[in-house]
Amino acid sequence: MSLPFYPPRSFCFALAFEDSEVDASFQEISGLKTEWTTEEVAEGGVNQFVHRLPVRTKYSNVILKRGLLRGDSPLATWLADSFAGNFAVNLVDPKTIVVMLLDIWRRPIVAWTLFSAYPVSWDHSSLNATESSLLIETIELSCSWFKRKTYTYDDETAKAAATQGVSLAS
């Protein structure tokens, strides 16, 4: 018996440096976007249209948002080291970072591997005594490119969970 397909939810995700443990939970990760840059070429004698030819792919910056952590994390240490001093003294150490969408058993469904990622911005929300809100840090990363990988699993784990009362629909 095959279990019904449910589209994955976007609220269960994680981020890790390649070959390391998951760093921390994030409130939001956005900017996993790629697009073609094009070049317009006007063909002589043809006035109805202009050819738009693909030139190269372009990757947008990835934006991470999370509540401020009280302790150290590999990401916070890397950010502090990257932004300490000037560029001539402290070279930025590009990292390979993996963003994973997780299923209900916290297994990766889809993973985006960001190659040669480095921080371009590290922002903290305002401190305001009239609000009762969390201090959110926003991190913007630039990467050379990213690769998307999809994971599939057999139905055995899902069937075992269903017999133990775990609902796939919740």
(message) Can you list residues from other chains, or at least 5 along the same chain, whose modelled amide H is less than 5 Å from the amide H of Ser121?
(response) Glu140
(request) Determine the per residue accessible area of segment 20-61 with all protein chains present and a 1.4 angstrom probe, expressed in square angstrom. (result) 81 Å²
(request) Would you kindly derive the ³J(HN,Hα) couplings of segment 102-116 from the backbone phi angles with the Karplus curve 6.51 cos²θ - 1.76 cosθ + 1.60 (θ = phi - 60°), listing them in order in whole Hz, with x for Gly and Pro? (result) 10, 8, 5, 9, 6, 9, x, 9, 9, 10, 10, 9, 8, 9, 6
(message) Suppose each label sits 7 Å from its Cα in the direction of the beta carbon; what would the Thr77-Arg106 distance come out to in nanometres?
(response) 2.1 nm
(message) Within 14 Å, Cβ to Cβ, of Pro94, how many net charges do the neighbouring residues add up to if Lys/Arg are +1 and Asp/Glu are -1?
(response) -2
(message) Given the whole protein assembly as supplied and a 1.4 Å probe, what does the accessible area of Ile29 come to in Å², nearest 10?
(response) 40 Å²
(message) Rounded to whole Å, give me the distance from the Cα center of segment 8-23 to that of segment 101-144.
(response) 11 Å
(message) Report the rotationally averaged projected area of segment 29-115 based on its alpha-carbon convex hull, in square nanometres.
(response) 10.7 nm²
(request) With the convex hull built on the Cα atoms of segment 6-55, state its orientation-averaged projected area in nm². (result) 7.3 nm²
(message) Between Asp19 and Val50, what is the label-point separation in nm under the 7 Å Cα-to-beta-carbon projection?
(response) 4.7 nm
(message) Give me the extension gain from Ala129 to Glu43: residue separation times 0.36 nm, minus the current Cα-Cα distance, reported in nm with one decimal.
(response) 24.7 nm
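The values are calculated or read from the model by the stated rules, or taken from the named source; none is laboratory data. The structure presented is a predicted model; accordingly, all values stated were derived computationally and were not measured. Because the Cβ atoms are built from the backbone with ideal geometry, glycine has one as well, and the counts that use them run over all protein chains shown. Quick note on the areas: whole protein, heavy atoms, side chains included, nothing else; ligands and nucleic acids left out. Shrake-Rupley method; radii C 1.70, N 1.55, O 1.52, S 1.80 Å.
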